[in-house]
Structures are given as structure tokens and as C-alpha cells.
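This report concerns only the one structure given below.
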Amino acid sequence: MEQRVLGRTGRAVSVVGLGTWQLGADWGEVGEAEAFAVLEAAVSAGVTFFDTADVYGDGRSEQIIGRFLRDHPDVFVATKMGRRAPLDPGEYTLENFRAWTDRSRANLGVEVLDLVQLHCPPAAVYSSDAVFDALDTLVAEERIAAYGVSVETCAEALTAIARPGTASVQIILNPFRLKPLDRVLPAAAEAGVGIIARVPLASGLLSGRYTKETVFATDDHRTFNRHGEAFDQGETFSGVDFATGVEAAAEFSSLAPAGVTPAQTALRWIIQQPGVTSVIPGARSAEQARANAAAAGAEALPEPTLEAVRELYDRRIRAQVHERW
């Protein structure tokens, strides 16, 4: 699989990584055996990059990955911190950062974390010199090798990219969320900052498998956060109204090349965007992990397909999401 350098980390990672929120919580139950099967299938398919967070299952995702790393120490693991505490800028202190990263180091079983990302903190955090000074201290203390941010909005991304120590920015990017293409990706490329594309399938909408009658489990965020009840609405279906998303996804599915699934088409579209380092779809089964990884080897989408994606977004999606994030 193609490897790209992840911004200022200087490390190469696979263009298709693995998001592991689902191994912790909020996507319905994923058993331990299933979780290890997903990790093994991803690595066997060429994935060298996992993304997790200390809050996924309150550490369960990190712990499962940590056990997996014993036999696969070369996998690059990005974790995130900050969502286990109140979302108060006053919580983002060096003392807390040390405690949070020490917990993640223990969960993952490593001395130095490859990459730690601020996990969608309050907007004021991005403008705090003290916060970034504290992150620099973590690097100097060799608790972490590099740091980045996971953001909700393009404005937050641009603020973080301007910080000289920011190695990477994780942002929602998919055919239903095009705003990062306007300024964020060009700014990141110019600054040498990596881009990690998350929510690449719009919480599964872009797989084309759902209908308006689809019902998700009660412990699945696609049920309990559909209108932003638990966290930012943009994390669920990319902020798109479910009924609208299902209709738009049916149109998107018609753009998939022969032999390529709609989900793989969405991943291929993201991989082709200039400035993207890695895309991190989740997977709840080994089969899904292998299918996602296969998108890296699909042929590049032709220009007419790229234009059709833009037209679909402008016609069906833009009004709902473009100015919000």
C-alpha cells in the first residue's frame, strides 16, 4: 500500500489507515475477538496506521490496540486526549496533559506515544500559547513524539496549522463534506502539516447500504447523536440530515466504477485530494477492514466523476453543512 509522510512527524503511514472508535464504544457492541480480527485483517492488507482515543470505551480501544502492538510494534498509533474531562479550556494544562498521556502510554504499552491529538477541544484552546507550550514540553520530556489536533471546523484547523509544532490535523472530509478543500488542505500542504481524514463514509451513509427505514442500535451514535444530543452533530452522518443523506448516497452509489463499491469509491475520492495523508475508515469486521484497505489499490477516479461529486454536493448537501463547519 502507498505510504505518505504524516506531516511534521516525519513518519510514513499508509494512505488507508484504521479508525478504532468502534472498538471502544458508540457503534454497537464489538467483541474482543472481532476487534482483534479487524486489527489483524487491516495490517495484513497493508495498513500501518491506527487512530484511537483515550475516551473510546474509556480506554478499551487503546488497551486492545496495546495488546495487538506486542506482536506488531511497527504500527504507527495516533491517539487523542481531552474528552474524558469537562470541555473547559481550563482543563488543558501541562499537569493534565502529563496524566492523560501517561494513562494512554500505559493502555498502549509504549514508552513514547507516536502522535497525540487534542480531541476536538473548545475553540479557545487553539489560540492558547500555554496549551501549545505544554504540548512542546511533552515532546521534550519524551512522553510523545509529536502532537496534532482533531478539529470540528475549518477555522479551528487553520488556527492549528499556523502553530509551528503542529504535526497533523484530523478533520472530517468526505464527498458530503467538501469545505476543507477550499483552504484547509492547501494551507496544510504549504505548512508541511499532515491531514488525517476522518468520518470518510459519513457514518456509513456513503456505503449506500442504508434506507430511510434503517434502524441503528440504541448504543450507536447514529441513534443517540443524530441531532447533536451527545457531542457535535457533525460527527454523525457528517451533520447531514439522515433522509437527505440516504437520497444523496443513492446518487453517489451510481458514480462507483465497475468492480468498486460505493464505500471504496468514497475512500478513493479522499485519497486523491491533494494534501491528504491518510484516511481512517472504521471497520467492525475483518471483511470490512480488507475492503477498505483495497480502496488504496483502486484506479484513480476520472475527472468527470470528480466533477459529479462536486455537483452532487452543491445540489444536495452544501446548504446543510458548508457554513456550519
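The values are calculated or read from the model by the stated rules, or taken from the named source; none is laboratory data. From a predicted model like this one, the values you see are computed outputs, not experimental measurements. A quick note on method: Cβ atoms are made from the backbone with ideal geometry, for glycine too, and the neighbour counts reach across all protein chains shown. To get the accessible areas, we keep the full protein, side chains included, count just its heavy atoms, and leave off ligands, DNA and RNA. Shrake-Rupley method; radii C 1.70, N 1.55, O 1.52, S 1.80 Å.
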Practice prompt. For residues that are open to solvent by less than 30 Å² (accessible area, probe 1.4 Å) and either of a type in the set (Gly, Ala, Ser) or without any contact (Cβ under 8 Å) to a residue 12 or more places away in the chain (or both), tally how many sit in the range 192-216.
Written response: 6
Response to the item:
Taking the range 1-21 and keeping only residues that are assigned to a helix (DSSP H, G or I) and surrounded by fewer than 24 Cβ atoms within 10 Å (Cβ to Cβ), one is left with 8, 9, 21
Discussion item. Filter the range 253-269 down to the residues that are closer than 22 Å to residue 213 by Cα and touching a helix residue (DSSP H, G or I) at 6+ places or on another chain (Cβ under 6 Å) and list them by number.
Written reply: 253, 262, 263
Practice prompt. Quickly run through the range 27-57 and pick out the residues that are at pLDDT below 95 and out of contact with any Phe, Trp or Tyr (no Cβ under 8 Å at 6 or more places or on another chain).
Written response: 29, 30, 31, 32, 33, 34, 35, 57
Worksheet item: Does residue 37 meet the test of being more than 26 Å from residue 5 (Cβ to Cβ), part of a helix (DSSP H, G or I) and either of a type in the set (Asp, Glu) or over 18 Å from the mean Cα position of the chain (by Cα) (or both)?
Response: yes
Worksheet item: Restricting attention to the range 104-129, which residues are open to solvent by 10 Å² or more (accessible area, probe 1.4 Å) and more than 27 Å from residue 186 (Cα to Cα)?
Response: 105, 106, 107, 109, 110, 111, 112
Fill in: Wholly within the range 126-234, strands (runs of 3 or more DSSP E) carrying at least 2 residues that are at positive phi
none
Discussion item. Going through 158, 181 one at a time, which residue ends up being surrounded by fewer than 22 Cβ atoms within 10 Å (Cβ to Cβ) and either among the charged types (D, E, K, R) or touching a helix residue (DSSP H, G or I) at 6+ places or on another chain (Cβ under 8 Å) (or both)?
Written reply: 158
Worksheet item: Can you spot a residue in the range 114-124 that is touching a Pro at 6+ places or on another chain (Cβ under 7 Å), farther than 28 Å from residue 279 by Cβ and not acidic (Asp, Glu)?
Response: yes
Item to complete: Kindly list the number of the only condition in (1) of a type in the set (S, T, N, Q); (2) under 23 Å from residue 202 (Cα atoms); (3) assigned to a helix (DSSP H, G or I) that fails for residue 79.
Response: (3)
